[in-house]
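The values are calculated or read from the model by the stated rules, or taken from the named source; none is laboratory data. Note that the coordinates shown come from a computational prediction; the quantities given were computed from them, not determined experimentally. Positions of Cβ are generated from backbone atoms using ideal geometry, with glycine treated the same way; all protein chains shown enter the neighbour counts. All accessible areas refer to the heavy atoms of the entire protein, side chains included, with ligands and DNA or RNA removed. Shrake-Rupley method; radii C 1.70, N 1.55, O 1.52, S 1.80 Å.
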Amino acid sequence: MACQLSAQEEAQPSFRVLGYGDGDFQGIFFEREGVEGDELVELVFVPDRKSRPVTLASEPGRLSFFAQSLNARGKIERRGLGEVTWPAGAERVLVVFLQKENGGDSPPEYDYLVFDESPAVWGPRCARFLNLTGVPLNAKMQRFEFPVEVGATDILCFEGEYSVPMTLELSLPWKGRKEIVYSARFVADQYSPKLLVVKPPPVAGSFKVVVETIW
């Protein structure tokens, strides 16, 4: 019986969140269905890491996010921040919040990316890029070359010669030549997949991007 209960708990759908932008990603909520009614849950974002998993009672059709504030009469008001569609059949999901540039003192707004990270989809020796630079890049690993468009790439799974340490090189065409913007050692993790987040150069005028590896 204990094994059956453990399997049921593991099968509960869950999601994690990851945020990129200039804000602090605080005060973002969603409502989770519970035994005694809907439960208000505040999402806790962690810099450069995925949040803790938030478990759900059942697979939802959509996830809706909102902020709360007190109006002039002291009552709580909600402001919708958008919603995302849950991938059909997904056990684990990652929701990436991308803060829009709206300037001034306006409340933050977000675009969203939703990744199915179920074990059958997002497994060991796999990786994907999330390109936040705003420009398309080219990648090279050993003799394998592929584009890294703005946003998320497809999942790449490495076997054979591509499961050993190799050089990852990112470049872009610039004034008729190939400009190398990143070069480092890459190893496909035999135990866990990797999300490679490509961020803009931290120094103005530089071509050198930053790549953060997130498990």
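Can you tell me the FRET efficiency between ALA184 and PHE146 if r is taken as the Cβ-Cβ distance and R0 is 25 Å, rounded to the nearest 0.05?
0.90
Can you tell me the Rg and the Dmax, both Å, for the Cα atoms in the stretch 91-158?
So, for the stretch 91-158, Rg and Dmax equal 15.1, 48 Å respectively.
Would you mind calculating the gained length between ALA11 and SER69 on full extension (0.36 nm times residue separation, minus the Cα-Cα distance), in nm to one decimal?
17.4 nm
Cα extents of the stretch 120-168 along the three principal axes, largest first, in whole Å?
In descending order, the Cα extents are 32, 27, 13 Å.
Which of the residue pairs LYS50/LYS194; LYS140/LYS175; LYS175/LYS208; LYS50/LYS100 have a Cα-Cα distance greater than 18 Å in the structure shown?
With Cα atoms farther than 18 Å apart: LYS140/LYS175; LYS50/LYS100.
At a 1.4 Å probe, what is the % contribution of carbon and sulfur to the accessible area of the chain?
Reported share for carbon and sulfur atoms: 50 percent.
Averaged over all directions, how much area does the convex hull of the C-alpha atoms of the chain cover when projected, in nm²?
16.0 nm²
Could you sort 57-68, 126-137 so that the peptide with the highest average Cβ count within 10 Å comes first and the rest follow in order?
126-137, 57-68
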